[in-house]
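Note sheet for the following structure.
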Amino acid sequence: MGVPLLDLKAHHEPLHKEVMAAIEQTFRDQAFILGPEVGKLEERVASYCQTQFGIGVSSGTDALLIALMAIGVGPGDEVITTPYSFFATAGAVARLGAKPVLVDIDPTTYNIDPSKINKAITSKTKAMIPVHLYGQCADMGPILDLAQRHNLKIIEDAAQAIGAEYRDGRRAGGMGTVGCLSFFPSKNLGALGDGGMVVTNDQELAERIKVLRVHGGKPKYYHKMIGGNFRLDTIQAAVLNVKLNYLDDWTRRRQENAHRYEALFQQSGLVQKEKVRLPEPVYRDSGATHYHIYNQFVLRVEKRDDLMGYLKQQGIGTEIYYPVPFHLQECFRYIGHKEGDFPESERAARETVAIPIYPELAAEQQVEVVKAISDFYQKRSA
């Protein structure tokens, strides 16, 4: 039968009338740039993230870039982050002439390991970017303590984690100086194209970001700073205002799918045989409702590449998030790292694979996925 990694048709079909009505209304209003739907979405998403202010921007990448610009990161500065994330996390730092300083990950959560951060802090350190990878919050308690002790700004990369909750119930994006969200179509809350948002409790910072997203001009055509064209389109905001109504339900269904996978993999014997290691929702027992929002469901497996090839033959979609850590990317060679410097990130890049987890995934499709993985290992051991 086959199971795609993501099924946007199934995702959007129930919303077709509502989404098209929102697009039609935007066309009637003709307010395509920073129209009222943008302001409405900013207020709603800020509230959802437990923050006071939201600023809609053109993408998750630009959310990171404009946040770094707003706190004054530039040449000579250092920004601590993980080697194991989507490229934009470190790319945005480098674009401003600052240096990404990398700290290895916790092998359980794939998020930055707080115990390794302190030794990476220098007199040049300006900020830290913890990433809430795959939909589970980084361990923010010790990270925030370090930031306070060393007077550092915290930019949360919550691109994959809208609504995810830390062990104390605080939500991704609302714990640090500023939070950055992505509305790329594959995200839990996805637009029909690119989009992003910056959330914060700092009013002065929010106002600065609003000015930076329109080339630094306030009033129009009068520029005290250099910004960029970082605006969120009204039409995308209109679509997102429809979809936000359903986000909690989609998160619940992703969590249910994760529970079902856990049971199916246990029944298969693959976990006991250590062929497959399941994601570990480390905050599930904390009482947080959105302890993990499962933007991805990532397995650690034996013979990863061979398994992916077999699943492709069976019509089952998979993806590697991410195959090359930052320190081994050609463009970051100048930083001076070598293979072996961040062993947990390198091991994750070799061993992990994402399987389908989207809200519309049917139980019988999950059975098919687990059966195919089980069949692969049985054939390999025969």
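Each value in this text was obtained by applying a stated rule to the coordinates, not by laboratory testing. No experiment lies behind these values; they were computed from the predicted model shown. Reconstructed Cβ throughout: ideal geometry from the backbone, glycine too, with neighbour counts over all protein chains shown.
Quick notes
- Modelled label reach - Lys371, point 7 Å along Cα→Cβ, segment 262-290 residues with backbone N closer than 18 Å: 262-270
- Of Glu346, Glu364, Glu37, the one that fluctuates the most in a GNM where the chain has Cα springs shorter than 10 Å: Glu364
- Candidates Ile33, Ile112, Ile209: whichever shows maximal mean-square fluctuation once the chain is modelled as a Gaussian network with Cα springs under 10 Å: Ile33
- Percent of beta bridges antiparallel (DSSP, the chain, rounded to nearest 5): 60 percent
- Each 10 Å bin from zero up to the one holding the largest Cα-Cα distance in segment 247-381 carries the following percent of pairs: 11, 37, 32, 16, 3.
- Note on the chain: dipole from Cβ charges, positive end direction compared against Gln50, Ala147, Ala354; the farthest Cα belongs to Ala147.
- Net charge dipole size for the chain [Lys, Arg +1 and Asp, Glu -1 on Cβ; Debye, nearest 20]: 560 debye
- Charge dipole magnitude, Cβ of K and R +1, D and E -1 - segment 154-221, Cα centre, debye nearest 20: 240 debye
- Per residue of the chain, the DSSP helices (runs of n ≥ 4 H) give a summed -39500 (n - 2.57) that works out to -11500 deg cm²/dmol at 222 nm.
- Between Ser286, Gly309, His327, the Cα set farthest toward the positive side of the dipole of segment 247-381 (charges on each charged residue's Cβ, about the Cα centre) is that of Gly309.
- Per-residue extension of 0.36 nm, minus the Cα-Cα distance of Lys303 and Asp145, leaves a gain of 52.9 nm for this segment.
- When the charge dipole of segment 247-381 is built from unit charges on Cβ atoms (+1 for Lys and Arg, -1 for Asp and Glu) and taken about the Cα centre, the candidate among Val370, Ala258, Phe342 whose Cα reaches farthest toward its positive end is Val370.
- For segment 12-49 and segment 65-104, distance of Cα centres in Å: 31 Å
- Net length gained if the chain between Leu8 and Arg28 were fully extended (0.36 nm per residue, minus Cα distance): 4.5 nm
- Value of relative contact order over the chain, rounded to a whole percent, pairs C-alpha under 8 Å and six or more apart: 22 percent
- When the pairs Lys126/Lys187; Lys99/Lys218; Lys303/Lys379; Lys99/Lys220; Lys218/Lys243 are compared against a 21 Å limit on Cα-Cα distance, Lys126/Lys187; Lys99/Lys218; Lys99/Lys220; Lys218/Lys243 fall above it.
- Of the residues Val198, Val38, Val370, the one that moves most in a GNM of the chain with alpha-carbon contacts below 10 Å is Val370.
- Charging the Cβ of each Asp and Glu at -1 and of each Lys and Arg at +1, and nothing else, the dipole of segment 247-381 about its Cα centre rounds to 320 debye.
- Whole-number D in µm² s⁻¹ for the chain, Kirkwood Cα-pair radius fed into Stokes-Einstein, 4 °C, 1.567 mPa s: 60 µm²/s
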